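Colleague: Let me begin by handing over the structure; questions about it come next.
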Amino acid sequence: MKYKSFLIKYGEIGVKGKNRYMFEDALMKQIRTALKEVEGKFNVSKELGRIYVDMDGDYDYEEAIDRLSKVFGIVGICPMVRIESKDYENLKVKVVEYVDAVYPYKNFTFKVDTRRADKSFPGTSESINAELGEVILNAFPEMKVNVRKPDVLIKVEIRTYINIYSVEIPGPGGMPIGTNGSAMLLLSGGIDSPVAGYMIAKRGVRVEAVYFHAPPYTSERAKRKVIELAELVSKYSGPLNLHIINFTDIQLAIYEHCPHDELTIIMRRYMMKIAERIAVENGDQALITGESIGQVASQTIQSLLTTDAAATLPVFRPLIGFDKQEIVEISEKIGTYETSIQPYEDCCTIFVAKHPVTKPVLENIERSEEKLEGIIDELMEKAMETKERILVKA
Ligand SMILES: Nc1ncnc2c1ncn2[C@@H]1O[C@H](COP(=O)(O)OP(=O)(O)OP(=O)(O)O)[C@@H](O)[C@H]1O
């Protein structure tokens, strides 16, 4: 059966009271953006406590569901039939037609669950449940009622119009993008940072990303991989700006002037500083990284504190308490894993010491960085000038 409408269910948390309309409007905007990429004509509208998507003519069902199931804020997508007439006899006919069209095999148990929001409609919810149940049983005697644990719950909502639905396809949950500010993701080609970006975007934060490459030490294909990862994240976050910075000269300077066991941490601190500059230019309120405690030498608590000290914006690390396996599971779920494990070089892994410091002390690191005085400001300026911005969308 080709549905002409979807009922969109959204989470209740944080949407009570005065903020509700803002949440709903932001969600409708994200739904419209997501459906722009789908073949067909869609109309998104709302009614108290409900958002609908109506299709005008033919459309790509699979693609529409796939796009909607990635819109943060949606908890369920219910393909539904809408009846404009409030005639009770007509409703009985339509309910039977609905069951017949949606369920070719009838050997299952069911229950009708009516919500009578329009109190002018005759009867009570219970009496309508009983009558519609009977009509369905008469039409399809092989079906059985089970009020406690039905295989299928047939929902009938009597509002401005009547909605009939029984299937709920899960959405990703979270909050609509744009309801919680914006942040800058430090996106590498690894497994973790795309997952970190996804998790913060899920809270309604608009993300943009920055990638540091080091040509000729890192290749065009490594860069292509990061663009691909940004595209995959944008399936959820919506279109995002990816900034690409040439970091080679800064890395070479650090390599030449600073102790080699501190290379990674000093490099990371300069990445933070540049990421923060771009973030501030664009009005972002935080940075995001894919770090988790103890994963590698540069992610011990001391290292994370030393990295933090390079930035004044707060650094969000949504994976901080996650095991690698847990991160891998999310990356598989959101579809970034296969791309992340492609074996291309990252600038951090090229200039790496055999025995990096695991417990850096901020004063020592700052003292080492003094060796860059006189050259680093200019190198940072030059790096900023290499900035390439790509608008990425899936
Ligand atoms: N080349 C880069 N460009 C932008 N951000 C980077 C880059 N390299 C590292 N980062 C940021 O620093 C974090 C820590 O990097 P590191 O290489 O130590 O960790 P990782 O656990 O391998 O992370 P990932 O899997 O995201 O690469 C990354 O999660 C990312 O946010």
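The values are calculated or read from the model by the stated rules, or taken from the named source; none is laboratory data. None of the values given here were measured: they were computed from a predicted structure. Here Cβ is always computed from backbone atoms with ideal geometry, including for glycine, and neighbour counts include all displayed protein chains. With ligands, DNA and RNA removed, areas are computed over all heavy atoms of the protein, side chains included. Shrake-Rupley method; radii C 1.70, N 1.55, O 1.52, S 1.80 Å.
Colleague: Please tell me if Ala286 is within 11 Å of the ligand (Cβ to nearest atom), among the small types (Gly, Ala, Ser) and under 15 Å from Leu187 (Cα atoms).
Modeller: no
Colleague: Moving on to the next point. Read through the list (1) in a helix (DSSP H, G or I); (2) at pLDDT 90 or above; (3) open to solvent by 40 Å² or more (accessible area, probe 1.4 Å); (4) not charged (D, E, K, R), then give the number of the only condition that Asn43 fails.
Modeller: Just one mismatch for Asn43, condition (1).
Colleague: Can you run down the residue pairs with Cβ atoms below 6 Å, 6 or more apart or on separate chains, where the first is in region 347-362 and over 16 Å from Cys258 (Cβ atoms) and the partner is open to solvent by 20 Å² or more (accessible area, probe 1.4 Å) and modelled with pLDDT under 75?
Modeller: Thr358/Ala297
Colleague: Can you confirm whether Ile320 is within 18 Å of Ile265 (Cα to Cα) and open to solvent by less than 70 Å² (accessible area, probe 1.4 Å)?
Modeller: yes
Colleague: Quick one: is Ile128 surrounded by 15 or more Cβ atoms within 10 Å (Cβ to Cβ) and either within 34 Å of the chain's Cα centre (by Cα) or among the acidic types (Asp, Glu) (or both)?
Modeller: Considered against the rule, which asks whether it is surrounded by 15 or more Cβ atoms within 10 Å (Cβ to Cβ) and either within 34 Å of the chain's Cα centre (by Cα) or among the acidic types (Asp, Glu) (or both), Ile128 comes out as no.
Colleague: Out of Ser303, Ser237, report the one residue that is away from the ligand (no atom under 14 Å from the Cβ) and buried (at least 22 other Cβ atoms within 10 Å of the Cβ).
Modeller: Of the residues listed, the single one that is away from the ligand (no atom under 14 Å from the Cβ) and buried (at least 22 other Cβ atoms within 10 Å of the Cβ) is Ser237.
Colleague: Name every residue in region 188-198 that is near the ligand (Cβ under 6 Å from one of its atoms) and open to solvent by less than 10 Å² (accessible area, probe 1.4 Å), in order of residue number.
Modeller: Result: Ser193, single match.
Colleague: Name the residue that is nearest to the ligand (Cβ to nearest atom), counting only residues in region 217-228 that are assigned to a helix (DSSP H, G or I), in contact (Cβ under 8 Å) with a residue 40 or more places away in the chain and closer than 23 Å to Met384 by Cβ.
Modeller: Ala222
Colleague: Run down Ala201, Ala279, Ala214 and say which single residue is of a type in the set (A, V, I, L, M, F, W, C) and either within 11 Å of the ligand (Cβ to nearest atom) or open to solvent by 10 Å² or more (accessible area, probe 1.4 Å) (or both).
Modeller: Ala214
Colleague: Can I ask one more? Taking region 153-187 as the search range and keeping residues that are free of Cβ contacts under 8 Å to residues at least 60 places away in the same chain and among the hydrophobic types (A, V, I, L, M, F, W, C), which one is surrounded by the fewest Cβ atoms within 10 Å (Cβ to Cβ)?
Modeller: Out of the qualifying residues, it is Leu153.
Colleague: Looking at the structure I just gave you, is Glu256 under 24 Å from the mean Cα position of the chain (by Cα), assigned to a helix (DSSP H, G or I) and more than 13 Å from the ligand (Cβ to nearest atom)?
Modeller: Here the answer is no, as Glu256 does not meet what is asked.
Colleague: Can you find, within region 18-35, the residue that is nearest to the chain's Cα centre (by Cα) among those that are open to solvent by 80 Å² or more (accessible area, probe 1.4 Å) and touching a residue at least 24 places away in the same chain (Cβ under 8 Å)?
Modeller: By that ranking, first place goes to Lys29.
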